[in-house]
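Scroll down for the structure; my scribbles are underneath it.
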Amino acid sequence: MRRLPLFVALLATSAMAQAGEKPLYQPAPAWVKPAPAVDAAKLTGDAPVLLLFDNQQRLEDGRVWSYVESAARAASTEALGSIGTIQLQWQPSQGDLIVHRAEIIRGAEHIDLIKGGNPLTVLRREQGMEQRILDGRLTATMPVEGLRVGDVLHIAFSVTRRDPTLKGDMQAFAPLMFAPARVGFARVRLSWPAKSDLRWKSYVDGLTARPVVENGYNTLDVALPLPKQPDMPADAPTRFAKLPIVEASSFADWAAVSKVMAPLYATAGLITPGSPLAAEVARIRAAESDPLRRAALALQLVQEKVRYLLMGMDTGNYVPQSPTKTWEARYGDCKAKTLLLLAVLHELGIEAEPVLANSKLGDMVPTRLPGAAAFDHVFVRATVNGETLWLDGTGAGARLADIHDTPGLGYVLPVRASGAEPMRIDLRAPARPDIAVAMNYDQSAGIGLPAAFDATVTLKGPLAEMTRLAKAQGSKDDLDKLARSLIGSYEKNVKVVSQDISFDDAAGTARVAITGVAYPNWERENERWRLSLDRVVGAIDFSPDRARTAWKDIPVRTDGPSYIAISARLRLPRGAAGFVIDGTKADKATLGGNAIDRSVGQDGDWITVNDVAINTGAEIAAADIPAEKRRLSAAKANLPRAVAPADYPSSWEEIAAARRERRLEPILAIYARDIAARPDEREGYINRAWFLAKIYDRKAAIADLDKALALEPDAETYLKRGSLHAALGDDDKALADAVEANKLDPSDDGALMRLAYGRAERGEKDAAYDLVQERIDQGGKNRAAYMAAKADLQMRLGDKDGAIETMDSAIALKPGDADLLNSRCWLKGVGNVGMDSALKDCTRAIELADGASQALDSRAMVYFRMGRLDDALADLDAALAIDPDLVASLYMRGVIRRRAGKTKEGDADLAAARLLSPRIDRDYSRYGIVP
């Protein structure tokens with residue numbers, strides 16, 4: 001079962017404030033209203049796991065007292081693991097952890113876990129160190145000994161919190177629970193003096209409770225779970241979210257929050273004259289006279305000379321450490337970095353103030369109940385030459401060029417002694433790309449072959465700093481993975497062979513240089529080869545759903561600000577003769593919130609594509625969604641593509657020419673470099689073997705696969721090598737590889753079929769049939785496909801009637817299957833039986849198939865048997881127009897052309913077929929077909 005996220009989270013987060021470093025053991029305060037008792041004797045197996053959850057909070061005299069009582073049923077051994085250790089956290093600088101009760105309820109028995117002692121152990125380890133967080137929290141923990149399946153763990157404790165930073169103001173929140181969550185009894189109860197001005201607020205639907213006065217206290221009692229909340233679109237701005245809490249605050253307004261924080265960021269006298277920090281200020285002052293440049297240097301100083309570490313100890317939740325301490329320690333959190341940056345800017349005569357922000361829910365700030373808890377971040381708003389600058393000391397890699405960039409944080413609260421209201425950050429497009437990619441593909445060897453590839457990925461800001469850290473700490477394999485990940489976002493079909501990472505400190509960028517082999521995806525359409533040149537527009541996903549009436553006016557949130565620039569250069573073969581570009585070559589448009597600027601051009605044998613995509617993070621109004629969708633759809637329908645000439649040679653002609661002209665050597669050199677760098681890894685040998693097989697150097701490919709298998713045998717590699725042995729006519733070695741593949745993976749269909757055909761080649765008819773029949777007898781969705789394979793074996797072994805009978809049975813299982821109809825047509829053709837029905841099968845298969853080349857080839861065989869050579873030739877031409885490398889069609893066209901007296905053309909077709917499949921003469925001779 002799942003762990004108990006709500007129960008565990010509340011135990012962990014409800015204890016965050018104590019003035020003592022040891023838990024206290026006391027009865028619950030008198031103001032706590034008892035929850036219904038848990039009667040374990042009456043529990044049944046379908047009782048909820050969480051039987052009781054009661055959170056009562058009292059806000060009075062600047063202190064928040066949070067009482068939590070819970071009872072959880074150990075419904076299974078897995079549940080024991082979830083609840084079997086009590087862990088309570090608190091902040092000793094702000095309050096106490098008070099344990100009221102800890103017991104096991106077993107039927108009518110109550111087993112006290114405290115027994116008047118001090119059973120909880122206090123852990124002092126900082127649990128957030130890995131995330132660079134020091135918050136000073138302590139954890140009181142106790143393994144619950146003797147807890148059994150069926151028991152109930154019953155705990156009650158309190159956490160008190162008084163934050164002197166807030167000057168007597170209070171703030172608190174309680175998480176809410178919603179259907180369909182199952183719980184026996186649950187509630188949230190807030191109380192505060194009736195005479196106080198404290199306010200409360202909830203953001204969810206269905207909370208109808210209102211405060212009533214009880215014993216001089218306003219009391220809000222919320223029964224849980226509340227009704228299930230309405231769904232919201234995932235792309236809705238955060239202000240539309242239903243924040244699942246009820247909160248209370250004594251702050252009168254946002255101005256009061258701003259005022260109470262202002263003294264914490266006063267900078268007068270914080271930089272001591274003659275101190276090391278003063279020397280840094282003097283250095284900036286001497287280096288630049290322009291205040292904008294000074295601001296940029298100050299920001300760079302704080303970002304790069306002080307590492308981030310959250311300091312939440314003592315009063316550190318809100319109080320920043322001093323600039324002197326930050327500079328000496330060379331670490332600080334957002335508060336410390338902000339105060340340091342403010343102090344430096346003020347010393348330089350630059351107007352600046354802190355602003356509070358919420359890193360996730362900034363768009364919601366104006367709708368929140370005023371309180372310091374509405375924020376989790378602070379940074380600087382500066383004014384230079386009348387322009388507003390947003391300067392974040394916790395960022396990374398900012399330079400002068402980036403000084404006007406804006407964070408997508410929604411609303412912020414300026415911190416001022418006079419107070420302030422939330423202000424919205426007006427978003428601007430970033431000045432420089434976050435990621436700039438420049439790629440070069442050399443496909444001069446041919447479009448059917450891999451391309452030598454190199455790329456440079458330039459990263460700025462936090463991405464550059466993350467790359468610097470990766471280079472400092474990562475192994476070569478780690479850095480190779482980083483390079484693959486970076487380039488994989490923009491070119492999926494690439495094998496990275498090498499990477500080199502360097503840095504430009506002046507620009508604040510990281511540069512990752514990558515070399516390798518790319519596999520451009522040329523696709524055949526309307527008898528032409530075409531390659532998409534788009535890397536931006538096609539990846540834009542803009543599919544907001546506003547079909548529900550409640551959603552119709554909700555705008556779309558976009559992800560930004562961001563800036564990506566991609567440049568790709570493709571070198572074409574044959575001097576680019578006959579190649580053209582179709583689709584939109586130049587475009588400036590806003591698509592799905594992205595400002596796109598594209599240009600596509602051709603210069604000699606190079607095509608260059610430049611794409612820029614900038615997202616400011618601006619919302620898209622609900623009324624604009626249909627038009628935005630139409631624009632994006634139209635753009636995707638007219639993406640730029642490179643189009644090869646209609647007479648572009650087939651792959652075998654292309655490869656033959658490339659070998660003659662030594663155009664394959666650069667590609668082979670890259671594969672060789674990859675192997676040399678990793679001689680003990682099989683992947684390099686397998687990759688090169690694939691390429692060698694593609695250029696028909698089968699013996700060299702086998703040699704590479706030998707090495708790969710010696711390093712680590714696997715079924716797939718045995719099958720690859722076996723297919724090469726079979727192509728070269730070495731049936732014994734092909735069979736041996738099939739045997740090994742089948743041993744390693746008996747479930748692999750390819751291994752089994754290769755083994756069956758290998759047995760058939762040796763005349764082991766029964767063994768071949770038995771292998772396939774076993775899979776047929778197993779049934780399942782592949783049964784008909786195995787029956788077709790058996791029929792092919794029967795035809796090869798001379799059992800024509802048996803083959804057709806087996807195919808009839810297969811088609812009876814799947815009557816409209818184009819592949820099965822094609823198989824029956826083919827078998828009748830090669831067997832020279834049932835020609836009339838064979839034609840019907842083929843024609844039906846052509847009508848049903850997504851790609852008709854195979855069925856056209858089969859029908860050509862039937863026409864050939866019927867002596868209708870012109871019809872056969874027409875079908876073969878049509879099949880080869882779809883797939884120019886269809887070896888069966890090349891061979892049969894060669895046969896027919898020779899018989900028609902076109903010896904030269906026929907011999908060319910036969911030569912091509914033999915290059916593609918050296919054993920094709922032997923395969924067709926079994927059916928009595930020879931040139």
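So which of I670, I686 ends up being within 23 Å of T717 (Cβ to Cβ), touching a residue at least 60 places away in the same chain (Cβ under 8 Å) and surrounded by 15 or more Cβ atoms within 10 Å (Cβ to Cβ)? Walk me through how you get there before you give the answer.
Values: I686 fails: touching a residue at least 60 places away in the same chain (Cβ under 8 Å).
From the options I670, I686, the qualifying one is I670.
Would you please name the residue that is farthest from the chain's Cα centre (by Cα), looking only at residues in the stretch 770-783 that are surrounded by fewer than 13 Cβ atoms within 10 Å (Cβ to Cβ) and outside any helix (DSSP H, G or I)? First the steps, then the outcome.
Restricting attention to the stretch 770-783, the residues satisfying the condition of being surrounded by fewer than 13 Cβ atoms within 10 Å (Cβ to Cβ) are 770, 774, 777-781.
Of the ones still in play, those that are also outside any helix (DSSP H, G or I) are 779-781.
On the way: G779: 38, G780: 34, K781: 32 Å.
Filtering the stretch 770-783 for residues that are surrounded by fewer than 13 Cβ atoms within 10 Å (Cβ to Cβ) and outside any helix (DSSP H, G or I), the one farthest from the chain's Cα centre (by Cα) comes out as G779.
Go through the residues of the stretch 681-688 one by one and say whether even a single one is touching a Lys or Arg at 6+ places or on another chain (Cβ under 9 Å), part of a helix (DSSP H, G or I) and more than 19 Å from F453 (Cβ to Cβ).
Yes; the residues of the stretch 681-688 include at least one that is touching a Lys or Arg at 6+ places or on another chain (Cβ under 9 Å), part of a helix (DSSP H, G or I) and more than 19 Å from F453 (Cβ to Cβ).
Any chance you could count how many residues in the stretch 167-207 are modelled with pLDDT under 95 and among the aliphatic types (A, V, I, L, M)?
Here the count works out to 0.
Could you pull out the residue among Y718, Y786 that is modelled with pLDDT under 95 and either in a helix (DSSP H, G or I) or assigned by TED's automatic domain parsing to the domain that holds K694 (or both)?
Y786
Answer with yes or no whether I566 is under 25 Å from the mean Cα position of the chain (by Cα), closer than 30 Å to R663 by Cα, among the β-branched types (V, I, T) and not assigned by TED's automatic domain parsing to the domain that holds R663.
Yes; evaluated as a whole, the condition is true for this residue.
Do any residues in the stretch 819-830 that are assigned by TED's automatic domain parsing to the domain that holds C842 have Cβ atoms under 6 Å from those of residues that are of a type in the set (V, I, T) and in a helix (DSSP H, G or I), where the two are at least six apart or on different chains, and which pairs are they?
L820/I811; G829/V862
Does A767 satisfy being over 19 Å from D819 (Cβ atoms) and touching a His at 6+ places or on another chain (Cβ under 8 Å)?
No: the conditions fail for A767.
Which of the residues that make up the stretch 589-605 are among the acidic types (D, E) and more than 26 Å from the chain's Cα centre (by Cα)? Write out each step before concluding.
Looking only at the stretch 589-605, we keep the residues that are among the acidic types (D, E), and these are 597, 603, 605.
Result: D603, D605.
I want to confirm something. Restricting to the stretch 836-848 and keeping residues that are surrounded by fewer than 17 Cβ atoms within 10 Å (Cβ to Cβ) and not charged (D, E, K, R), which single residue is farthest from the chain's Cα centre (by Cα)?
S837
Somewhere in the stretch 205-212, is a residue closer than 23 Å to P225 by Cα, in contact with a Phe, Trp or Tyr (Cβ under 6 Å, 6 or more places away or on another chain) and in the same structural domain as Q56 (by TED's automatic domain parsing)?
Scanning the stretch 205-212, I find no residue that is closer than 23 Å to P225 by Cα, in contact with a Phe, Trp or Tyr (Cβ under 6 Å, 6 or more places away or on another chain) and in the same structural domain as Q56 (by TED's automatic domain parsing), so the answer is no.
Among the numbered criteria (1) at pLDDT below 95; (2) closer than 30 Å to R571 by Cβ; (3) of a type in the set (G, A, S), which single criterion is violated by A451?
Tallying (1) at pLDDT below 95; (2) closer than 30 Å to R571 by Cβ; (3) of a type in the set (G, A, S), A451 fails exactly one: (1).
Yes/no per residue for (1) out of contact with any Ser or Thr (no Cβ under 6 Å at 6 or more places or on another chain); (2) on the phi < 0 side of the Ramachandran plot; (3) among the aliphatic types (A, V, I, L, M); (4) not in a helix (DSSP H, G or I):
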| site | (1), (2), (3), (4) |
| --- | --- |
| D836 | yes, yes, no, no |
| R844 | yes, yes, no, no |
| L856 | yes, yes, yes, no |
| R859 | yes, yes, no, no |
| F864 | yes, yes, no, no |
| P884 | no, yes, no, yes |
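If the requirement is being among the aliphatic types (A, V, I, L, M), under 30 Å from G95 (Cβ atoms), surrounded by 16 or more Cβ atoms within 10 Å (Cβ to Cβ) and touching a residue at least 40 places away in the same chain (Cβ under 8 Å), which of these qualifies: L51, L43, L80?
Among L51, L43, L80, only L51 is among the aliphatic types (A, V, I, L, M), under 30 Å from G95 (Cβ atoms), surrounded by 16 or more Cβ atoms within 10 Å (Cβ to Cβ) and touching a residue at least 40 places away in the same chain (Cβ under 8 Å).
Please verify whether R484 is in contact with a strand residue (DSSP E or B) (Cβ under 7 Å, 6 or more places away or on another chain), more than 22 Å from A431 (Cα to Cα), surrounded by fewer than 19 Cβ atoms within 10 Å (Cβ to Cβ) and at pLDDT below 95, treating the condition exactly as stated.
Considered against the rule, which asks whether it is in contact with a strand residue (DSSP E or B) (Cβ under 7 Å, 6 or more places away or on another chain), more than 22 Å from A431 (Cα to Cα), surrounded by fewer than 19 Cβ atoms within 10 Å (Cβ to Cβ) and at pLDDT below 95, R484 comes out as yes.
Return a yes/no flag: does the stretch 307-316 have any residue that is surrounded by fewer than 20 Cβ atoms within 10 Å (Cβ to Cβ), part of a helix (DSSP H, G or I) and not assigned by TED's automatic domain parsing to the domain that holds Q91.
So far as the stretch 307-316 goes, no, none of its residues is surrounded by fewer than 20 Cβ atoms within 10 Å (Cβ to Cβ), part of a helix (DSSP H, G or I) and not assigned by TED's automatic domain parsing to the domain that holds Q91.
Report yes if V384 is of a type outside the set (D, E), in contact with a Pro (Cβ under 6 Å, 6 or more places away or on another chain) and closer than 15 Å to P422 by Cβ, otherwise no.
Values: of a type outside the set (D, E): yes; in contact with a Pro (Cβ under 6 Å, 6 or more places away or on another chain): yes; closer than 15 Å to P422 by Cβ: no.
In short, no.
Quick grid of which residues meet (1) within 27 Å of V930 (Cβ to Cβ); (2) of a type in the set (V, I, T):
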position	(1), (2)
C825	yes, no
V830	yes, yes
A852	no, no
G867	yes, no
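Report the residue count in the stretch 591-625 for those that are of a type in the set (V, I, T), modelled with pLDDT of 95 or more, over 26 Å from Q443 (Cα atoms) and not in a helix (DSSP H, G or I).
Of the residues in that region, 3 qualify.
Select from the stretch 384-412 the residues that are among the hydroxyl-bearing types (S, T, Y) and within 30 Å of the chain's Cα centre (by Cα) and write down the one among them that is nearest to D434 (Cα to Cα).
If we take residues in the stretch 384-412 being among the hydroxyl-bearing types (S, T, Y) and within 30 Å of the chain's Cα centre (by Cα), then T406 is nearest to D434 (Cα to Cα).
Surrounded by fewer than 20 Cβ atoms within 10 Å (Cβ to Cβ) and either in contact with a Phe, Trp or Tyr (Cβ under 7 Å, 6 or more places away or on another chain) or assigned to a strand (DSSP E or B) (or both): which single residue out of E653, E628 fits that description?
Unique residue meeting the criteria: E628.
Going by the structure shown, is Y441 outside the structural domain of L299 (by TED's automatic domain parsing) and in a loop (DSSP other than H, G, I, E, B)?
When the stated conditions are applied, Y441 does not pass them.
Any chance the stretch 370-378 includes a residue that's free of Cβ contacts under 8 Å to residues at least 12 places away in the same chain and not in a strand (DSSP E or B)?
Filtering the stretch 370-378 for residues free of Cβ contacts under 8 Å to residues at least 12 places away in the same chain gives none.
Checking the stretch 370-378: not a single residue is free of Cβ contacts under 8 Å to residues at least 12 places away in the same chain and not in a strand (DSSP E or B).
Between a residue in the stretch 720-732 that is under 12 Å from L755 (Cα atoms) and any residue that is among the acidic types (D, E), which pairs come within a Cβ distance under 7 Å, given they are 6 or more apart or on different chains?
Taking only residues 6 or more apart or on different chains, the pairs are G722/D737; D731/E761.
With the requirement that a residue be without any contact (Cβ under 8 Å) to a residue 12 or more places away in the chain and assigned to a strand (DSSP E or B), what does the stretch 486-514 give you?
Answer for the stretch 486-514, where residues must be without any contact (Cβ under 8 Å) to a residue 12 or more places away in the chain and assigned to a strand (DSSP E or B): S502, D504.
The values are calculated or read from the model by the stated rules, or taken from the named source; none is laboratory data. Everything numeric in this text was worked out from a predicted model, so none of it was measured. Here Cβ is always computed from backbone atoms with ideal geometry, including for glycine, and neighbour counts include all displayed protein chains.
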